[in-house]
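Colleague: For reference, the structure I am asking about is given below.
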Amino acid sequence: MRLRLGSGGEALLLALGLLAACGARTPPLPSLGADAVVLAFGDSLTFGTGAEPQQSYPAQLEKLIGRKVVAAGVPGELSAQGLARLPAALEEAKPQLVILCHGGNDLLRKLDEAQLANNLRAMVTLARARGAGVVLIGVPKPGLLPSPAALYSEIAKELHLPYEGAALRKILTDNALKYDLVHPNAAGYARLAQALADLLKKAGAV
C-alpha cells in the first residue's frame, strides 16, 4: 500500500520529526558564570593515571571551558567509597556542576552492578541537593571491546542527565590514545576533555 501525503500530511510528519528531535536533545544545564566551579569527581580516570597531572582530563577541560575545574579523583576507589567521600568534596569545592566518572573499579572487580547503580544515583542526589548540575560519564567494562555498562545510560535517562557514553569507549579501543587497558594517555584525556566541552556547550552550560 502506498501512502500519499498532501501538504497537511507533510507538515504533520515534519512536526513529528521535530518532536522526536526535541526528545533526543541533551538535557539542559544552568549556564556557568565565569567564576563558576566545576567538580570533576571520580577515580583514576579523573585523577589522570597514565599522564602527567596537567594532562588529566580536568586540567585540559579547564582550559577548554574557561572555568575552574577541581580534580577530585582517587585511584582505586570503589563507588561506595566515592559516595562516602563526596559530601566533603562538595562542601570544599562548592561547585555549580559535578562531572561524575565513577565505577570502573567496581566493574574491574566484578562487584554487584545494581549496588554500583544505587551508589551513582545517590551521588547524583547529593550533588543536586547542593544545587549542582550533574554530567555522567559512562565507564567501559573491561574486555576486548570495552563499552560502558548499560547502567550508565539507564541512570542518565532516568535522572535526565547530560551523558557522555562514547568517548572512553573510543579512546580505550585506540592504542594511540590509551596508556593501558583501562586508562587513556595524555592524548586520550585530551579527547575526553574535548568531548565533555562539546557536551557542556550542547547542554547550555558554557
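Read-outs throughout are calculated quantities, based only on the coordinates presented, and are distinct from any laboratory measurement. Computed from a predicted structure; not experimentally measured. Cβ: placed from backbone, ideal geometry, glycine included. Neighbour counts: every protein chain shown.
Colleague: If you add up the charges near Leu177, with Lys and Arg at +1 and Asp and Glu at -1, over every other residue whose beta carbon is less than 14 angstrom from its beta carbon, what do you get?
Modeller: Working: positive: Arg169, Lys170, Lys178, Arg191; negative: Asp174, Asp180.
It works out to a net charge of +2.
Colleague: Compute the separation of the alpha-carbon centres of the range 33-60 and the range 79-155 and state it in Å as a whole number.
Modeller: Value for the Cα centre distance between the two parts: 15 Å.
Colleague: Which value in nm describes the separation of the simple spin-label points at Lys110 and Glu92, placed 7 Å from the Cα toward the beta carbon?
Modeller: Taking the simple label geometry, Lys110 and Glu92 are separated by 3.5 nm.
Colleague: Oh, and also: Calculated from DSSP H runs of 4 or more alone, at -39500 (n - 2.57) each and per residue, what is the 222 nm mean residue ellipticity of the chain, nearest 500? Don't skip to the end; give the middle numbers.
Modeller: On the way: 9 runs with 99 residues, N = 206.
It lands at -14500 deg cm²/dmol.
Colleague: May I ask you to list the residues of the range 110-138 whose amide nitrogen lies under 19 Å from a point 7 Å from Cα along the Cα→beta-carbon direction of Glu154?
Modeller: Correct set: 110-125, 136-138.
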